[in-house]
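FYI, it's all coordinate maths here, none of it is from the lab. Bear in mind the structure is a predicted one, so any value in this text is a computation, not a measurement. Virtual Cβ from ideal backbone geometry, glycine too; neighbours counted across all protein chains shown.
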Amino acid sequence: MGLILADTNVIIYMLEGDQSIAQLFDDNEIAISFITELELLTGKAYSFAQSKLIKTTIDKCFVYNYDNTIKSSCIRLREKYLLKLPDSIIAATALAYNLPLFTSDKHFAKLKEIEVSLYTF
């Protein structure tokens, strides 16, 4: 598949031991949005070992930082689909850089502008 943009939820499932996602991550280059990085680093109270695993996982990903292309796409997508801000940033990152989005959030499927791969378990 190549480079894919992973939503926060699928990264969390992988960190919790989901082997099918871990295999996908082994077979592809993984990118994340800066908002996913922030959500992972500021989530629930993690143990030291969990925090270390999160940081190691992030280090293996390409992180797309905020830029004007993402900002413009975010505004358009948020207005059109009434997405929450974090979701609109993630979708805008996929749109701005023409990346497929891997997520378990079904509401992303309504976005016509991006390729969405829904993870179901």
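Just list whichever of LYS44/LYS112; LYS84/LYS106; LYS60/LYS84 have alpha carbons separated by over 22 Å in the model shown.
Listed pairs above 22 Å: LYS44/LYS112; LYS60/LYS84.
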**Report entry** Between helix 68-81 and the chain: long-axis angle, C-alpha atoms, 0 to 90°, nearest 10
**Finding:** 70 degrees
Report summary line: Cα-based Rg then Dmax for segment 3-109, in Å, read 13.6, 41
Requested in this report: Take every DSSP beta bridge whose two residues both sit in the chain, then give the antiparallel share in percent to the nearest 5.
Outcome: 0 percent
Report summary line: With a Förster distance of 25 angstrom and the Cβ-Cβ distance between ASP27 and GLN50, calculated FRET efficiency to the nearest 0.05 equals 0.55
Query raised in the report: What does the highest-first list of 86-92, 107-113 look like by mean Cβ count within 10 Å?
Result: 86-92, 107-113
